[in-house]
Amino acid sequence: MYQGLIHRYRDFLPIDDKSIITLHEGATPLLRAKNLEDELKYDGEIYLKYEGMNPTGSFKDRGMTYAVSKAVEEGAKAIICASTGNTSASAAAYAAKAKIQCVVLIPHGNIALGKLSQAMMHGATVVEIKGNFDEALELVRVMGTTHPIHIVNSINPFRLQGQKTAAFEICEDLGRAPDYHFIPVGNAGNITAYWMGYNEYFNLKKVSSKPVMMGFQASGAAPLVSGKVVKNPETIATAIRIGNPASWKQAIAARDASGGIIDKVTDREIVNAYKLLGKIEGVFCEPASATSVAGFIKLIKEKRFEQGKTIVCTLTGHGLKDPDTAIKNSVKPLRSKATIKDLEKVLKL
Ligand code: F0G
């Protein structure tokens with residue numbers, strides 16, 4: 001039986017066996033997006049790394065299994081994180097499994113309902129902060145040094161170690177590294193982790209090339225594009241509503257070492273990609289996740305991208321996380337009486 005990514009990649013993620021906390025995360029699908037290729041008239045191969053298929057519905061589980069296992073190994077009784085939603089959902093679930101306490105700080109009014117419900121159901125202590133994610137993360141940094149509580153944000157290096165396994169899986173599924181890797185960028189941990197994973201597989205000669213890293217931020221929250229901290233970040237993609245990313249330097253280093261870019265897309269471009277994936281690929285991701293595909297579409301439309309390449313776009317979280325945004329951006333259901341006659345009328349048959 002598959003037992004989660006620490007077991008699968010144990011040489012890369014050293015830990016005492018007794019401390020492993022897993023919900024069997026990882027091994028997510030790498031989907032060929034043939035309809036998207038046709039739609040965009042792209043003659044290369046586009047793949048979607050669908051991280052919404054992790055146990056709590058986002059890529060955060062990859063880092064959380066290792067961060068919480070390491071915390072348990074070190075005897076931790078409590079963990080804490082700041083979050084735009086997914087980290088808190090994941091931390092809460094793994095803490096529940098580990099039977100330790102979990103405190104999550106979330107920006108009041110700016111987290112998708114599904115994520116909030118997860119943290120609550122898993123028994124975390126949820127604190128809504130009158131401020132944004134960046135401010136919440138500052139509080140967490142202080143709490144981690146003044147109280148006996150383990151930080152499980154991506155400033156905890158074990159988080160990125162766990163997350164790098166997504167790059168391993170892609171290399172194994174493709175039998176090579178992709179030419180380009182498109183990824184949403186918020187706090188900038190994930191782009192850092194993927195780059196680390198690709199480099200490790202390259203250095204071990206498991207693959208003979210590395211991808212160009214293509215990071216995309218929302219235009220209202222794009223500090224890595226402007227080079228300046230954004231004091232009041234705003235975007236429909238609340239997961240990446242971040243103005244001062246913790247892994248700023250590492251993300252820029254990944255961009256430069258891979259010969260890539262970190263660019264931005266508008267909320268409209270994000271929503272268009274989000275809807276398109278649902279409609280033509282049968283893949284429901286959350287708005288922030290669609291930022292990777294929105295970036296690819298933007299480059300194709302602007303004729304800034306070469307044909308014939310193998311592309312992977314990470315879809316970081318599941319669409320069910322944020323039903324409000326889904327419903328707001330969809331056609332309303334029709335209404336019918338419970339009769340065939342009325343149903344046929346409504347369906348215009
Ligand atoms: N996509 C989703 C769905 C996310 O939840 C996040 C980050 C990102 C992309 C960006 O990844 O931060 O590694 O660059 N969410 C964090 C959270 C901040 O608190 O759940 P990143």
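For the chain, the Cβ-based charge dipole about the Cα centre amounts to some 580 debye (Lys, Arg positive; Asp, Glu negative; other atoms uncharged). Amide H contacts for ILE79 (H built 1.01 Å from N in the peptide plane; partners 5 or more residues away or on another chain; cut-off under 5 Å): GLN101, CYS102, VAL103, HIS150.
Quick one: length gained pulling ASP11 to ASN35 fully straight, 0.36 nm per residue minus the C-alpha distance?
4.9 nm
Averaging sequence separations of C-alpha pairs under 8 Å and six or more residues apart, then dividing by the length of region 200-273, give the relative contact order as a whole percent.
Relative CO of region 200-273 lands at 39 percent.
Relative contact order for the chain: 19 percent, from Cα pairs under 8 Å spaced at least 6 residues apart, divided by residue count.
Sorting 217-224, 197-204, 289-296, 330-337 by average packing, meaning the other beta carbons within 10 Å per residue, from highest down gives 289-296, 217-224, 197-204, 330-337. Using only alpha-carbon positions in region 280-349, the gyration tensor eigenvalues give semi-axes of 37, 16, 10 Å once each is multiplied by 5 and square-rooted (largest first).
Counting other C-beta atoms within 10 Å, and keeping those with at most 13, which DSSP coil GluC sites (Glu not before Pro) do you find in region 292-349?
Answer by residue number: GLU302, GLU306.
Here the Karplus relation 6.51 cos²θ - 1.76 cosθ + 1.60, evaluated at θ = phi - 60°, turns the backbone of region 320-332 into coupling constants of 5, 4, 9, x, 4, 5, 4, 5, 4, 9, 10, 6, 4 Hz, with x for every Gly and Pro.
Treating r as the C-beta distance of LYS99 and ARG304 and R0 as 41 Å, the FRET efficiency rounds to 0.20. Remark: for residue pairs LYS115/LYS231; LYS41/LYS328; LYS210/LYS249; LYS60/LYS264; LYS130/LYS321; LYS60/LYS275, the C-alpha separation exceeds 27 Å in LYS41/LYS328. Look at the dipole of the chain built from charges on Cβ: of HIS181, TYR201, ILE242, the Cα furthest out on the positive end belongs to ILE242. Each Lys and Arg adds +1 at its Cβ and each Asp and Glu adds -1 at its Cβ; summed about the Cα centre, region 260-326 shows a dipole of about 260 debye.
For region 102-107, backbone phi angles converted through the Karplus equation (6.51, -1.76, 1.60; θ = phi - 60°) give residue-by-residue couplings of 9, 10, 10, 10, 10, x Hz, Gly and Pro being listed as x. Under the combined filter of DSSP loop state and at most 11 neighbouring Cβ atoms within 10 Å, region 92-182 retains these trypsin sites (Lys or Arg not before Pro): LYS99, LYS130. For region 96-177, the Kirkwood estimate of hydrodynamic radius, built from reciprocal distances between every pair of different alpha carbons, is 14.9 Å. Put a plus charge on the Cβ of each Lys and Arg, a minus charge on the Cβ of each Asp and Glu, and nothing anywhere else: the dipole of region 184-300 about its Cα centre is then about 160 debye. Computed log10 I(q)/I(0) for the chain at 0.10 Å⁻¹: -0.57, from the Debye equation with unit scatterers placed on every C-alpha and solvent omitted.
Among ASP267, ASP17, the ranking by other beta carbons within 10 Å of each residue's beta carbon, starting with the fewest, stands as ASP17, ASP267. For the pair LEU204 and ARG176, the difference between a 0.36 nm per residue extended length and the Cα-Cα distance amounts to 8.8 nm.
Each of PHE305, LEU277, LEU343 was placed along the dipole of region 263-349 (beta-carbon charges, centred on the mean Cα), and the one lying farthest toward the positive end is LEU343. GluC sites (Glu not before Pro), restricted to region 1-80: which are DSSP loop and have at most 13 other Cβ atoms within 10 Å? Counting only loop positions with at most 13 other Cβ atoms within 10 Å, the GluC sites (Glu not before Pro) in region 1-80 are GLU74. Divide the volume of the convex hull around the Cα atoms of region 145-221 by the residue count and you get 99 Å³ per residue.
Laboratory data are not the source of any read-out in this text; all were calculated from the coordinates shown. As the structure is a prediction and not an experimental result, all values here were calculated from the model. Cβ coordinates were reconstructed from backbone atoms using ideal geometry, including for glycine residues, and neighbour counts include every protein chain displayed.
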